[in-house]
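S.K.: My structure is below; once you've seen it, I'll send some questions.
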Amino acid sequence: MLKIYNTLNKKKETFEPIEQGKVGIYVCGPTVYDSCHIGHARSVVVFDVIVRHLRAIGYEVTYVRNFTDVDDKIINRAMELGISTQELSEKYIKEYYQDMDALKVERATIEPKATDHIDEIIGVIERLISRGHAYEGGGDVFFSVESFEDYGKLSGRRLAEMQAGARVDVDENKRNPFDFVLWKGAKPDEPMWDSPWGKGRPGWHIECSAMSTHFLGHHFDIHGGGKDLIFPHHENEIAQSEGAFGEHFANVWIHNGFVRINQEKMSKSLGNFLMIKDILKRYHPEALRLFLLSNHYRSPVDFTEQVMVEAEAGLEKIYTLLHRIDGSLGRCESGEDEQGHGALWAGFCQAMDDDFNTARGIGLVFETVRELNRFLDNVGRKLDKQDQVRLVSTRGDLMRIGNVLGILTEAPSQFLEQRKADVLELKGIDIALVERLVAERVRARQQKDWATADRIRDELFAMDILIEDRKEGTGWKVK
């Protein structure tokens, strides 16, 4: 039974889809005016895994994630660079896909751009005006927050309390300082479209109301995004959408926590914005995913060099176990993996069904890795049928879990060889020399020349190479 923490009701609730067996989910995507940073990666990976899990447990999911491609930030950046807003947004949409493809993020079912839905945006604004929730003023159109009785129900903020301590820029065209813009009147050198209120462009909040309801209907299952969007963006979305259509908007609201950098808030003023493309030059994309999922999605995660080293080491441990299982079973890595339905998969699903608890699910994976490594180290006989069934089942479970987490997409032998090559290159060690010394040591052991075997082992250790003598053969790894 799937339970999800609902920001709207401030509690964990049993998930009940509107339509049996189907889920509609909308997640606010990027405003495309710059390269994506690790904060974007956290949100995208979290919802990628949520959608993967929903599909894994049998739901048919329609996943909508938008691009905001018209906005003050985009306009200002385009003016700085002397290019059009369309040219700027297309550049960063392309870069976004490059980053997310590298991170093994699956494409959403629908990925609309705001500028492709101007007619729908205008239609929602017209409904809001006709229903008394919006008004024109000075060439702009504003939403009247006082017209929506439940304003503040998502964030827990009450309008009266906000007004009492408010420091809000005065706009003489607004009836209330907290009213927000739905349509901005045209300004020179800005993108603009025809509308009943003259030429102009949409405000930020109205874009998502128009696109989500266009693709998922006026009432849908799940709406998500980062915690920074709760107020005012998602609060305003609720007011607009429910004001326009007179229906409950989204049943469940999911918000992911932030990424901190060395225990500090990520901000441009601190100069600690980490771009995805720069991180992936140093770390394996699956290690970055493992790090981003290592804490519960509602909790913050703290990016440090040490945790990334640990994430890479953890990823290597899982791949190493898969490689050992393949060696023990004498199977080829064909890419066609058993669909596990064993105890590990059941435990993982139980963790994920408890508000998508990836941290607990990953913990179960590493417990299994330790247990099976001990078993393979200690088994002193040929594997019997029960042992083989256990290994096959666990391998299938690991691959199925990997499919939900977006990891284990590579053949274990290829991953491990590439990992060795990368680390050796970083340390300036000749892989051919290592392989020759390891082969010489194997021959020395076969000839019971223990002194030579020990000498070579010590020589390799001095090079940061660790020898692993196992029943399935001698292997090695880099410290």
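S.K.: How many residues does segment 211-270 hold that are in contact with a Leu (Cβ under 8 Å, 6 or more places away or on another chain) and of a type in the set (Phe, Trp, Tyr)?
M.R.: Residues flagged as in contact with a Leu (Cβ under 8 Å, 6 or more places away or on another chain) and of a type in the set (Phe, Trp, Tyr) within segment 211-270 amount to 2.
S.K.: Test each condition in (1) part of a loop (DSSP other than H, G, I, E, B); (2) under 31 Å from the mean Cα position of the chain (by Cα); (3) free of Cβ contacts under 8 Å to residues at least 24 places away in the same chain for Glu106 and report the one that comes out false.
M.R.: Against the list (1) part of a loop (DSSP other than H, G, I, E, B); (2) under 31 Å from the mean Cα position of the chain (by Cα); (3) free of Cβ contacts under 8 Å to residues at least 24 places away in the same chain, Glu106 comes up short only on (3).
S.K.: Related question: Please go through segment 122-143 and pick out each residue that is assigned to a loop (DSSP other than H, G, I, E, B) and either at pLDDT 95 or above or closer than 16 Å to His218 by Cβ (or both).
M.R.: Applying the first criterion (assigned to a loop (DSSP other than H, G, I, E, B)) to segment 122-143 yields 131-133, 138-139.
Within segment 122-143, Arg131, Gly132, His133 qualify.
S.K.: Does any residue of segment 346-360 turn out to be within 25 Å of the chain's Cα centre (by Cα) and of a type in the set (Phe, Trp, Tyr)?
M.R.: Looking only at segment 346-360, we keep the residues that are within 25 Å of the chain's Cα centre (by Cα), and these are 346-360.
Filter again for of a type in the set (Phe, Trp, Tyr), leaving 348, 356.
Yes, segment 346-360 contains a residue that is within 25 Å of the chain's Cα centre (by Cα) and of a type in the set (Phe, Trp, Tyr).
S.K.: Given (1) outside any helix (DSSP H, G or I); (2) over 38 Å from the mean Cα position of the chain (by Cα), where does Leu408 come up short, assuming only one miss?
M.R.: That leaves (2) as the condition not met.
S.K.: OK, next. What residue, of Ile50, Ile25, Ile75, is assigned to a strand (DSSP E or B) and either more than 20 Å from the chain's Cα centre (by Cα) or in contact (Cβ under 8 Å) with a residue 60 or more places away in the chain (or both)? Before the answer, list the steps.
M.R.: Numbers: Ile50 fails: assigned to a strand (DSSP E or B); Ile75 fails: assigned to a strand (DSSP E or B).
Exactly one residue qualifies, and that residue is Ile25.
S.K.: Quick one: is Val168 β-branched (Val, Ile, Thr) and modelled with pLDDT of 95 or more? Quick ask: steps written out before the conclusion?
M.R.: Details: β-branched (Val, Ile, Thr): yes; modelled with pLDDT of 95 or more: no.
Considered against the rule, which asks whether it is β-branched (Val, Ile, Thr) and modelled with pLDDT of 95 or more, Val168 comes out as no.
S.K.: Okay, next question. If you check every pair at least six apart or on different chains, which have Cβ atoms under 6 Å apart with a residue in segment 443-454 that is over 15 Å from Thr474 (Cα atoms) first and a residue that is of a type in the set (A, V, I, L, M, F, W, C) second?
M.R.: These pairs meet every condition: Thr452/Ala444.
S.K.: Then there is this: Tell me the residue from Asp430, Asp387, Asp422 that is more than 29 Å from Asp464 (Cβ to Cβ) and either in contact with a Lys or Arg (Cβ under 8 Å, 6 or more places away or on another chain) or not basic (Lys, Arg) (or both), please. Working first, answer last.
M.R.: Numbers: Asp430 fails: more than 29 Å from Asp464 (Cβ to Cβ); Asp422 fails: more than 29 Å from Asp464 (Cβ to Cβ).
Only one candidate passes the filter, namely Asp387.
S.K.: So Ile118 ticks every box in (1) out of contact with any strand residue (DSSP E or B) (no Cβ under 7 Å at 6 or more places or on another chain); (2) surrounded by fewer than 21 Cβ atoms within 10 Å (Cβ to Cβ); (3) in a helix (DSSP H, G or I) but one. Which box is left unticked?
M.R.: Against the list (1) out of contact with any strand residue (DSSP E or B) (no Cβ under 7 Å at 6 or more places or on another chain); (2) surrounded by fewer than 21 Cβ atoms within 10 Å (Cβ to Cβ); (3) in a helix (DSSP H, G or I), Ile118 comes up short only on (1).
S.K.: Among the residues of segment 303-319, is any buried (at least 17 other Cβ atoms within 10 Å of the Cβ) and in contact with a strand residue (DSSP E or B) (Cβ under 6 Å, 6 or more places away or on another chain)?
M.R.: yes
S.K.: A follow-up question, please. Got at least one residue in segment 260-273 being part of a loop (DSSP other than H, G, I, E, B), over 21 Å from Ile4 (Cβ atoms), touching a residue at least 60 places away in the same chain (Cβ under 8 Å) and in contact with a helix residue (DSSP H, G or I) (Cβ under 9 Å, 6 or more places away or on another chain)?
M.R.: Initially, segment 260-273 is screened for residues part of a loop (DSSP other than H, G, I, E, B), giving 262-263, 266-267, 271-273.
Right, trim to over 21 Å from Ile4 (Cβ atoms) and you get 262-263, 266-267, 271-273.
Then drop every residue that is not touching a residue at least 60 places away in the same chain (Cβ under 8 Å), which leaves 266, 273.
Within this subset, residues satisfying the condition of being in contact with a helix residue (DSSP H, G or I) (Cβ under 9 Å, 6 or more places away or on another chain) are 266, 273.
Yes, that holds for at least one residue.
S.K.: For segment 57-64, check the following and say yes or no: at least one residue is outside any loop (DSSP other than H, G, I, E, B), assigned by TED's automatic domain parsing to the domain that holds Ala186, at pLDDT 95 or above and out of contact with any helix residue (DSSP H, G or I) (no Cβ under 8 Å at 6 or more places or on another chain).
M.R.: Within segment 57-64, the first condition is being outside any loop (DSSP other than H, G, I, E, B), and the residues that meet it are 60-64.
After this cut, where a residue has to be assigned by TED's automatic domain parsing to the domain that holds Ala186 as well, the list is 60-64.
Subset that is at pLDDT 95 or above: 60-64.
Still in the running and out of contact with any helix residue (DSSP H, G or I) (no Cβ under 8 Å at 6 or more places or on another chain): 60.
For segment 57-64, residues outside any loop (DSSP other than H, G, I, E, B), assigned by TED's automatic domain parsing to the domain that holds Ala186, at pLDDT 95 or above and out of contact with any helix residue (DSSP H, G or I) (no Cβ under 8 Å at 6 or more places or on another chain): present.
S.K.: For segment 414-432, how many residues meet the condition of being modelled with pLDDT under 90, out of contact with any helix residue (DSSP H, G or I) (no Cβ under 8 Å at 6 or more places or on another chain) and in a helix (DSSP H, G or I)?
M.R.: 6
S.K.: What are the residue pairs meeting all of these: first residue in segment 187-215, first residue assigned to a loop (DSSP other than H, G, I, E, B), second residue of a type in the set (Ser, Thr, Tyr), Cβ atoms under 7 Å, and 6 or more apart or on different chains?
M.R.: If the second residue must be of a type in the set (Ser, Thr, Tyr), the pairs left are Pro191/Thr85.
The values are calculated or read from the model by the stated rules, or taken from the named source; none is laboratory data. Just so you know, these numbers come straight off a predicted model, no measurement behind them. Methodologically, a virtual Cβ is constructed for each residue, glycine included, from the backbone with ideal geometry; neighbour enumeration extends over all protein chains shown.
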